[in-house]
Amino acid sequence: MRKDPRDRLIRALAAQLGAERETRAAIASAVANGQIDREVLLALLEDPIPAWSQEDLNRADRLAASAAHYREIAA
């Protein structure tokens, strides 16, 4: 099966979305518990969004491969 670049992009976007959700949940929990100072929150807001790394793309590929495996089992 040939890997389509669009599939890789979709996997990368899915991985990024998952990571952003985990980060958001962790920050919300820390804020709710009073564990983050105002200065830290400001620094987080001002920090630019990092570019995707090769590891992010590799993780997305693994995630998609495992999802495809489970779809094959269910079929």
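The values are calculated or read from the model by the stated rules, or taken from the named source; none is laboratory data. What you see is a predicted model; the values in this text were computed from it and never measured. Positions of Cβ are generated from backbone atoms using ideal geometry, with glycine treated the same way; all protein chains shown enter the neighbour counts.
Values computed for the structure shown
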{"read-out": "Search result, residues across segment 16-64 that are loosely packed, with under 10 Cβ neighbours inside 10 Å and either assigned to a helix (DSSP H, G or I) or β-branched (Val, Ile, Thr) (or both)", "value": "ALA32, ARG38, GLU39, LEU45, GLU46, ILE49, GLN54, GLU55"}
{"read-out": "Output for segment 1-15, where each listed residue is at pLDDT 90 or above and in a loop (DSSP other than H, G, I, E, B)", "value": "none"}
